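Read-outs: derived from the displayed coordinates by stated rules, not from any lab. Just so it is clear, the structure is predicted and the values come from calculations on it, not from any experiment. Methodologically, a virtual Cβ is constructed for each residue, glycine included, from the backbone with ideal geometry; neighbour enumeration extends over all protein chains shown.
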Amino acid sequence: MPAALQESESFAALRDLFSRRIAVLDGAIGSMIQTYSLIEADFRGSRFADFPHDLKGNNDLLCLTKPSVIEEIHTAYFAAGADIVETNSFSATTIGMADYHLESIVTELNHAAVGCARRAAQKAEATTPGRRCFVAGAIGPLNRTLSMSPDVNRPDFRAVTWPQVVEAYTEQIRALIDAGADALLVETIFDTLNAKAALFAIDSVFEEKNIRLPVMISVTITDASGRTLSGQTTEAFYNSIRHAKPFSVGINCALGGRAMRPYIEELAHIADCRVTCYPNAGLPNAFGGYDESPADMAAILREFATAGLVNLVGGCCGSTPPHIAAIAKAVRGLAPRLLPTIPIALRLSGLEPLTA
């Protein structure tokens, strides 16, 4: 039997944090970047000034070309009360960077993303001696899916293969770990097969490096049916990824906090790990903005916390440092969800769960 992998130092520190109180995650990065009104030249910087393809919109690239902006955003979230910030690496894979013809710099991008977040964490820790600030390596869902065809006339067609997805995630994960991420966050999952490829890659890199970091997993519910885009219910999704023994599992983005309640409640009853929730600041309005105020969002997440449903809260699209400050204040002093004892059973999943 292979020897157990060594847990990272951050594993014990995060386990301690989650045992003492409800932890706080940061808010959106993309919508915060929009407030800087950056232009093409900002995304290019001097290094990519003559690059032959458009780069505006490649937010991950800003870790290299405008690191001060990304570090400033992380710093604002720590100042608002976040315990954990996510790296600006949501699309930093070879598959994600192919849209910009920048596949060759993926490792460098992820190193830079961790660097921006780590510098902000160190500044926050220096400001408040004794405080511990964590960096979670953000691993997004990809813009190609393993479960669905992009061509309605060819339902059997896939734009990507399992080995390609695993390879892309492996490079990103290796870089995030090498750069010093405290945890890995596989998030905004809409295709469970993509997520399973990421989890497979994570385990492979852990074996390679003889280390284990906390793995946080977060799915997104796409509509009022309560299913992911690839069709799974909340329980079926959890059955699909439970084998990975995640540090936490949760729901992010999705429908906004209030509409998320029944699915978080379901997850809280079936998950034998910590439960996380970081919704959008409501649904986008007609202008693409988000109308849910910090007070509104904080009230919703306080309800979840008071009901004993969550171990970590934060914000996704449209949320800002004021949102996170209000959320942190709202859950302060409230007890974290207790991990339930789940009866042993055979639990399977397709689009629906099956328990026998």
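Some notes on this structure:
- The reciprocal of the average 1/r between distinct C-alpha atoms defines the Kirkwood hydrodynamic radius, which for the stretch 214-256 equals 10.7 Å.
- Prolate/oblate/rounded call for the stretch 1-141, Cα gyration tensor, a/c under 1.5 rounded: oblate
- Cut-off 12 Å (backbone N to label point 7 Å along Cα→Cβ of residue 200), residues of the stretch 166-191: 166-170
- In the chain, the C-alpha radius of gyration followed by the widest Cα-Cα span (Dmax) gives 19.3, 60 angstrom.
- Computed 3J(HN,Hα) for the stretch 47-64, one whole-Hz value per residue from the Karplus formula 6.51 cos²θ - 1.76 cosθ + 1.60 where θ = phi - 60°, is 5, 10, 4, 9, 5, x, 10, 5, 10, 4, x, 7, 4, 5, 4, 4, 4, 9, glycine and proline marked x.
- Computed lengthening from residue 162 to residue 207, 0.36 nm per intervening residue step minus Cα-Cα distance: 14.2 nm
- Legend: Rg and Dmax of the stretch 84-154, from Cα coordinates, 16.7, 60 Å.
- Residue with peak Gaussian network fluctuation, the chain [Cα springs, cutoff 10 Å], from 159, 298, 268: 159
- Counting only the Cα atoms, the stretch 182-337 fills a convex hull of 115 Å³ per residue.
- Environment charge of residue 216, counting only residues whose C-beta is closer than 10 Å and scoring Lys/Arg +1, Asp/Glu -1: -1
- Between the residues 41, 183, 351, the greatest Cα displacement towards the positive end of the dipole of the chain, with unit charges on the Cβ of Lys, Arg, Asp and Glu, is found for 183.
- Lys, Arg +1 and Asp, Glu -1 on Cβ, resulting dipole of the chain about Cα centre, debye, nearest 20: 900
- Partner lysines whose Cα lies under 24 Å from the Cα of residue 123, excluding those fewer than 8 positions away in the same chain, are identified as 66, 329.
- Both radii are taken from the alpha-carbon atoms of the stretch 118-195; with Rh as the Kirkwood radius, Rg/Rh is 1.18.
- DSSP-loop trypsin sites (Lys or Arg not before Pro) across the stretch 32-84, with at most 15 other Cβ within 10 angstrom: 47, 56
- The chain - percent relative contact order, Cα under 8 Å, separation 6 or more: 20
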